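Below: the structure, in structure tokens.
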Amino acid sequence: MTQLPKQTLRVGFVGTGFIAHFHLKSMIGVRNVEVTGVFSRKAENRETFAKEVETLGLGSCRTHESLAALLSADDVDAIWILSPNYTRLDVMRALHGAIKSGRSKVFAVACEKPLARTVAEAREMLTLAEDAGLNHGYLENQVFCTPVLRGKEIIWRRAASTTGRPYLARAAEEHSGPHEPWFWQGDKQGGGVLSDMMCHSVEVARYLLTAPGAPRSSLKIKAVNGTVANLKWTRPNYAEQLRKRFGNDVDYRNRPSEDFARATVTLEDQDGNELMIEATTSWAYVGAGLRIQLELLGPEYALEYNSLSTGLKIFMSREVTGSEGEDLVEKQNAEQGLMPVLEDEAGVYGYTDENRHMVECFRKGQKPLETFEDGLAVVEMLMGLYRSAEINATLQFPAPELEHYVPVVARKGA
């Protein structure tokens, strides 16, 4: 039996891709944590990651040649699952098996969004975590963005308390497309931009609409309506760009995934009030870089946030030349002109507060703000939206047919 609270939580990372490095950088702002282990399929990636841990002063990180070795390590208390979507259930099955057989002393697990590709997968993730006695956290960073946390606190304390609860949340996330080829492959990722980014939008909107201290389940989903489209990347010249960047496995001429999605989610609170979520996501946005826009509206108030409305901006004339990069903002699309700068992306996007929260909950044995239960609820909304788009009609909840539903773009051979 693990004695809690633990003075220091020792974390093992599964995955060393883009998002893993984002999480690692955010750990600089987290107390009572060490990154003690890492596993990924490529030895070079493991070594690079371990060196970065040392450089950042986050502990002594051992590289592991197998997932089993990481899970059975005696210096790992919690696992952060940050590997690609199509690997996460297998990682969870391995962790469950290692704990049940006594080969692992891991007592907590956190998983990057989305929790899974289907409702069935997400439900199994939750079942495995609970059967293994694990404390579990769902890594939805936008819920932990500083503007979201601060804005919600002010709105509910000052405005909602005197004029009534908020009733409409709008959320949008847009950029020019993902970094890795598997994101563009419907069967591996679970869909297209709806699966990849709408998971952020519907959950941060649901969080803003939820009364402080109440579980997200206090809002009942009544219906969803979704639309998906291929606006940019199926055009011949752009489909060819993807082929050149990622190889023949990304074939947007014959096997595209949606690059635009729209959602309307109707909810009901415990008093019978109707609430609405409006969300849009896109891989077809060309601006300074990744853009997140949020709104929360109520009877006598409104909250607005745009991640690119930064306090710091830099102008570079056409005489300033250099290589392409993402040193000013994630998914940066230009190197010249007037550019917004996110001076602390890990903090602004919520990763620092998210990881601080998870570490403190895990080492103290407390239930996190976001759990696998919330991750399952998000996947249920996403699958409802995909089904709605497929049948071109609003889908009423509960919708038991979603349990084993697979989006059209994720079906093998589709």
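The values are calculated or read from the model by the stated rules, or taken from the named source; none is laboratory data. Small disclaimer: the values here were computed from a predicted structure and weren't measured. Reconstructed Cβ throughout: ideal geometry from the backbone, glycine too, with neighbour counts over all protein chains shown. Remember, those area values only see protein heavy atoms, side chains included, never the ligands or the DNA or RNA. Shrake-Rupley method; radii C 1.70, N 1.55, O 1.52, S 1.80 Å.
Spacing of the modelled spin labels on Ala214 and Lys367, each 7 Å from Cα toward Cβ, amounts to 1.6 nm.
The residue among Thr127, Val148, Thr36 whose Cα reaches farthest toward the positive pole of the charge dipole of region 31-168, with charges on the beta-carbon of Lys, Arg, Asp and Glu, is Val148.
If you take the square roots of the eigenvalues of the alpha-carbon gyration tensor of region 95-236 and sort them as a ≥ b ≥ c, do you get rounded (a/c under 1.5), prolate (a/b over b/c) or oblate?
On the way: a/c = 2.13, a/b = 1.12, b/c = 1.90.
Oblate is the answer for region 95-236, as a/c is 1.5 or above yet b/c matches or exceeds a/b.
For a Förster distance of 56 Å, can you work out the FRET efficiency between the beta-carbons of Lys244 and Thr163, rounded to the nearest 0.05? The value I calculate is 0.55. Computed 3J(HN,Hα) for region 128-140, one whole-Hz value per residue from the Karplus formula 6.51 cos²θ - 1.76 cosθ + 1.60 where θ = phi - 60°, is 5, 4, 6, 5, 7, x, 8, 6, 10, x, 9, 8, 10, glycine and proline marked x. Under a model in which nothing but the beta-carbon of Lys, Arg (+1) and Asp, Glu (-1) is charged, the chain shows a dipole of about 400 debye around its Cα centre. What's the carbon and sulfur percent of the chain's accessible surface, probe 1.4 angstrom, rounded to a whole number? Carbon plus sulfur share of accessible area: 48 percent. Using 15 Å as the cut-off for backbone N distance, which residues of region 374-388 belong to the label zone defined by a point 7 Å from the Cα of Thr127 along Cα→Cβ? 376, by backbone N distance to the label point.
What ranking do 264-274, 142-152 get when scored by the average of other Cβ atoms within 10 Å per residue, highest first?
Numbers: 264-274: 14.5, 142-152: 19.6.
In decreasing order of mean packing, 264-274, 142-152 become 142-152, 264-274.
What region 328-367 shows is 38 Å² of accessible area per residue, with the surface traced by a 1.4 Å probe over protein heavy atoms. Karplus-based coupling profile of region 391-404, in residue order and whole Hz: 8, 6, 7, 5, 9, 7, 9, x, 10, x, 5, 7, 4, 10, with θ = phi - 60° in 6.51 cos²θ - 1.76 cosθ + 1.60 and x standing for Gly or Pro. Put simply, the amide H of Leu275, placed in the peptide plane, has neighbours under 5 Å in Leu267, Glu268, Asp269, leaving out anything fewer than 5 places away on its chain.
Fully extending the segment from Leu297 to Arg31, taken as 0.36 nm per residue of separation minus the present Cα-Cα distance, adds 92.2 nm. Looking at the chain, the DSSP beta bridges with both ends there are about 55 percent antiparallel.
Scanning residues 5 or more positions from Gly298 or on other chains, those with amide H under 5 Å from its amide H are Tyr167, with H placed 1.01 Å from N in the peptide plane. Taking the chain as a Gaussian network, Cα atoms linked when under 10 Å apart, which of Ser323, Ser388, Ser307 shows the biggest mean-square fluctuation? Result: Ser323 has the largest fluctuation of those listed. Amide H contacts of Ala284: His175, each under 5 Å away and 5 or more positions distant or on a separate chain (H built 1.01 Å from N in the peptide plane; Pro and chain starts excluded).
For the pair Glu304 and Ile391, what calculated FRET efficiency results from E = 1/(1 + (r/R0)^6), where r is the Cβ-Cβ distance and R0 = 45 Å, to the nearest 0.05?
On the way: r = 34 Å, r/R0 = 0.75.
E between Ile391 and Glu304, to the nearest 0.05, is 0.85.
One decimal place: the segment Leu338-Ser101 gains 79.6 nm when fully extended, by the rule 0.36 nm per residue minus the C-alpha distance.
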